[in-house]
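S.K.: Here it is, the structure, as structure tokens.
The values are calculated or read from the model by the stated rules, or taken from the named source; none is laboratory data. Quantities reported herein were computed from a predicted structural model and do not represent experimental measurements. Here Cβ is always computed from backbone atoms with ideal geometry, including for glycine, and neighbour counts include all displayed protein chains. Only protein heavy atoms, including side chains, enter the accessible area calculation; ligands, DNA and RNA are left aside. Shrake-Rupley method; radii C 1.70, N 1.55, O 1.52, S 1.80 Å.
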Amino acid sequence: MNKETTYTEAFEELKRIVSDVDRKEIPIDELAEKVRRAAQLVKICKSKLDSTEEDVNRILKELDTTSNPLNTDV
């Protein structure tokens, strides 16, 4: 069973990779692999942020409709 990576896990791993690259601690033989992994992590984070934004917008829209069901201008 494959556990889905959370936003926090992806972001923390991405920060570690960036930090290692900044400090030049990644051997050149591993650099391409780390950059590939970083790209995957960015996609995971972006997908989760997009999904969260959609959920929040949907909830806010529901709240707006609930608080003003007739949507009248008074």
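S.K.: As a test of the formula, what do you get for the chain when each DSSP H run with n ≥ 4 contributes -39,500 (n - 2.57) and the sum is divided by the residue count, at 222 nm and rounded to the nearest 500 deg cm²/dmol? Show your work: numbers first, answer last.
M.R.: On the way: 2 runs with 56 residues, N = 74.
-27000 deg cm²/dmol, from helical runs alone.
S.K.: Roughly how big is segment 10-65's charge dipole about its Cα centre, with Cβ charges of +1 (Lys, Arg) and -1 (Asp, Glu), in debye to the nearest 20?
M.R.: On the way: 12 positive and 14 negative charges, 32 e Å.
Magnitude of the dipole: close to 160 debye.
S.K.: Taking the solvent-accessible surface of protein heavy atoms with a 1.4 Å probe, what is the per residue accessible area of the chain in Å²?
M.R.: Values: 6540 Å² over 74 residues.
About 88 Å² of surface per residue is accessible.
S.K.: If I compute log10 I(q)/I(0) by the Debye sum over Cα atoms at q = 0.11 Å⁻¹ from the structure I just sent, which labelled value in (1) -0.47; (2) -0.71; (3) -0.43 lines up?
M.R.: (1)
S.K.: By how many nm would the segment from Glu13 to Leu31 grow when fully extended, if each residue of separation counts as 0.36 nm and the alpha-carbon distance is taken off?
M.R.: On the way: separation 18, 0.36 × 18 = 6.48 nm, distance 1.48 nm.
Fully extending the segment from Glu13 to Leu31 adds 5.0 nm.
S.K.: Along the charge dipole of the chain, which of Ser67, Asn57, Ser47 sits closest to the positive end, that is, farthest toward it, with unit charges on the beta carbon of Lys, Arg, Asp and Glu (+1, +1, -1, -1)?
M.R.: Farthest towards the positive end: Ser47.
S.K.: If R0 is 25 Å, what FRET efficiency do you get for Ile59 and Lys3 from their C-beta distance, rounded to 0.05? Don't skip to the end; give the middle numbers.
M.R.: Numbers: r = 26 Å, r/R0 = 1.05.
Computed FRET efficiency for Ile59 and Lys3 comes out at 0.45.
S.K.: Another one. Filter the trypsin sites (Lys or Arg not before Pro) in segment 1-36 to those in DSSP coil with at most 11 other Cβ atoms within 10 Å of their Cβ, and list the result. It would help to have the intermediate numbers written out before the result.
M.R.: On the way: sites: Lys3, Lys15, Arg16, Arg23, Lys24, Lys34, Arg36; in loops: Lys3, Arg23, Lys24.
Here the trypsin sites (Lys or Arg not before Pro) that fit, given the DSSP loop and packing criteria, are Lys3, Arg23, Lys24.
S.K.: Of the heavy-atom accessible surface of segment 1-40 (probe 1.4 angstrom), what whole percent is carbon and sulfur? Spell out each step's value before the answer.
M.R.: Working: 1850 of 3450 Å².
Taking all protein chains in place, segment 1-40 shows 54 percent carbon and sulfur surface.
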